[in-house]
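*Asks:* This structure is in structure tokens; I'll ask about it shortly.
Just so it is clear, none of the values below were taken in a lab; they were calculated from the coordinates. The model shown is predicted, which means the values in this text are computed figures rather than measured ones. All Cβ positions, even for glycine, are placed from backbone atoms using ideal geometry, and neighbour counts span all protein chains on display.
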Amino acid sequence: MLPITLITLTLITLTIPSSSSQSTADVCIIGSGISGSSVAHFLRQYSPTPISQIRIFERHTVVGGRMATVTIAGETFEAGGTILHPKNYHALNFTHMLGLKVNGPSASESSMSLGIWDGDKFLFKTIDFDSKNQIVQYFVSLANSIRMLFRYGVSLLKMNNFVEVTVDNFLKYYESKESRPVFSNVEDMLKWADLYNLTTQTLEEELVGLKFSPLLIEELITVITRINYGQSVKISGLAGAVSLAGSGGDLWSVEGGNWQMAAGLINRSDVTLHLQEEISSVTNAGGFYELNSTNGNSYTCQITVVATPLDELDIQFTPEIYIPERKLQHTYTTFVRGLLNPAYFGLNAVSDLPELVGTIESSELPFTCVSVLKEHAANDFTYKLFSRQSLTDALLDQIFSIRNETIRINWGAYPHYHAPEEFAPFILDDKHLYYVNAFENAASTIETGAVAAENIARLILSRLSGQQPSRSYGLKSSTSDSNLQHPEL
Ligand SMILES: Cc1cc2nc3c(=O)[nH]c(=O)nc-3n(C[C@H](O)[C@H](O)[C@H](O)COP(=O)(O)OP(=O)(O)OC[C@H]3O[C@@H](n4cnc5c(N)ncnc54)[C@H](O)[C@@H]3O)c2cc1C
């Protein structure tokens with residue numbers, strides 16, 4: 001065995017292109033989404049002695065990953081990660097630091113009418129009264145709140161409280177670095193912020209325990225989890241709380257597309273970006289990692305960061321790595337420019353249709369939601385549909401009376417959530433192979449990607465400083481594993 005290994009290694013060394021053999025890339029990051037770009041940003045921000053080189057590998061032609069836009073008849077819309085919470089502080093900071101513009105919810109979005117569809121009839125509809133007058137808008141929204149209270153009772157008020165407590169706990173991740181530990185595993189990171197218990201029960205179990213009304217859980221809350229995660233209330237309590245937080249007010253996005261955050265962070269972090277470079281193998285070659293791409297290129301680096309979910313990828317790791325099996329929830333996003341068919345919903349006029357049609361859990365329903373993105377003219381709208389399966393042309397022709405343009409995207413969108421959740425490690429070997437997206441089992445959002453990335457950047461620097469004790473990063477340890485201790489400096 002040994003001689004063969006040596007020969008293989010020699011051959012690999014000889015085949016490394018001159019560009020990569022001349023200088024060793026200190027950090028290689030696989031994935032240019034918010035996680036990968038944030039790792040690069042925080043490494044540059046926190047490292048007192050700059051890391052000599054950061055490479056980011058992206059298999060596609062553009063950066064941003066699940067933050068992407070589509071263009072329909074000249075108009076740009078978010079296709080993946082869309083809404084940001086007002087307390088998503090990393091995303092807010094990135095947006096301001098990069099000189100990007102915040103897109104607040106438009107008046108029409110904030111007063112978007114909602115209908116809950118069971119496949120046969122609307123179980124609940126909010127009043128839709130189109131007016132630019134703010135006083136009128138206020139009274140319409142008050143009337144809608146009262147209607148909701150009548151249907152769902154005081155549990156509705158408990159929903160806000162449940163979300164607020166979770167959001168407040170999450171805010172601990174923005175505390176100063178001096179008081180905030182570096183986490184070497186997801187469990188410790190969640191326990192420290194009092195969020196871990198929420199991953200041990202389903203949202204449904206959590207809410208039943210809090211005495212929420214069954215109707216509220218079956219209808220409104222199910223509608224929200226189906227919109228945000230394409231899944232039922234059987235997702236974990238934490239993913240559920242994050243999902244509910246994404247249905248509140250003052251939500252925002254980046255004008256022109258959220259992907260610009262990733263692009264901006266990469267631009268200002270002195271990164272060598274390799275587009276259309278798909279990494280197919282990562283080998284621990286003793287003291288450094290060798291990354292091979294499907295284009296036949298090899299790169300070496302002291303540290304490798306995986307910033308993409310590994311679940312559907314075919315990257316060969318040597319030695320092998322072990323992570324819990326995780327399924328991704330596929331969300332089919334269909335954009336249609338045209339006009340909904342009111343008859344499909346048992347109505348006479350398009351104007352009777354709510355701008356957001358949410359759905360309850362039923363195997364009969366072909367989509368999880370459909371919403372108006374833009375009204376171009378009386379009979380000309382752009383809509384977005386989410387579904388668990390691809391929507392056929394035949395089905396779309398029943399749902400729409402006019403269909404001028406259709407764009408379909410099949411996203412391996414986020415984890416299929418369970419309770420209790422099982423987490424992959426942040427450190428995939430006992431060396432310098434890191435996995436940001438282990439945190440996605442807690443919740444998958446743009447902000448959680450950035451929060452996990454910030455911790456990974458600190459973890460890298462902390463562990464590096466452990467090898468070079470003279471350097472101080474001022475980081476504290478939270479690990480109980482003696483091999484993975486971070487020095488208290
Ligand atoms: C339809 C949809 C709606 C969503 N809505 C919201 C929302 O409203 N708000 C919100 O906050 N979040 C939302 N999310 C979730 C959010 O978009 C993601 O959690 C987040 O963008 C993930 O970022 P990431 O960097 O971790 O992963 P990704 O964005 O997936 O980035 C990983 C990158 O790695 C690349 N890659 C993979 N394998 C390789 C390889 N072998 N070599 C090189 N490159 C590779 C991929 O091409 C990709 O660009 C939504 C997601 C989807 C799909």
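*Asks:* Dividing the convex hull volume of the Cα atoms of the chain by its residue count, what figure in Å³ per residue is obtained?
*Replies:* Value for the chain: 161 Å³ per residue.
*Asks:* Collect residues whose amide H, placed 1.01 Å from N in the peptide plane, falls under 5 Å from the amide H of S280; neighbours closer than 5 in sequence don't count.
*Replies:* Correct list: N292, S293, T294.
*Asks:* Roughly how far apart, in whole Å, are the Cα centres of the range 263-327 and the range 139-191?
*Replies:* Each part's Cα centre sits 35 Å from the other's.
*Asks:* Would you mind computing the Rg to Rh ratio of the range 202-298 from its alpha-carbon coordinates, Kirkwood style for Rh?
*Replies:* We get a ratio of 1.22 for the range 202-298.
*Asks:* Rounded to the nearest 5, what % of the DSSP beta bridges within the chain are antiparallel ones?
*Replies:* 65 percent
*Asks:* So who's got an amide H within less than 5 Å of the one on V254, skipping anything under 5 residues away but keeping other chains? H placed 1.01 Å off N, in plane.
*Replies:* N103
*Asks:* While we're looking at this one, here's another question. Taking the Cβ of each residue in E440, E325, E75, E447 as the centre, tally the other Cβ atoms inside 10 Å and list the residues starting with the fewest.
*Replies:* E325, E75, E447, E440
*Asks:* Also, I was wondering about something else. Where in the chain are the helices, taken as whole DSSP H runs, whose Cα atoms extend 15 angstrom or more along the long axis and whose Kyte-Doolittle mean reaches at least 0.5?
*Replies:* Span-like helices in the chain: 2-15, 134-152.
*Asks:* Another question, if that's okay. Find the cysteines in the chain that fail to meet the 4.7 Å Cβ criterion with every other cysteine, and list them.
*Replies:* When partners are defined as cysteine Cβ atoms under 4.7 Å apart, the chain leaves C369 without one.
*Asks:* Find the centroid of the Cα atoms in the range 35-107 and in the range 435-456, then give the distance between the two in whole Å.
*Replies:* After rounding, the separation between the Cα centres reads 13 Å.
*Asks:* Can you compute the radius of gyration and Dmax for the range 247-359, using only the Cα atoms, both in Å?
*Replies:* Expressed in Å, the Cα Rg and Dmax of the range 247-359 come to 22.4, 70.
*Asks:* Which value at 222 nm does the chain reach when only helices count, each DSSP H run of 4 or more adding -39,500 (n - 2.57), with the total divided by all residues and rounded to the nearest 500 deg cm²/dmol?
*Replies:* One gets -9000 deg cm²/dmol as the mean residue ellipticity at 222 nm.
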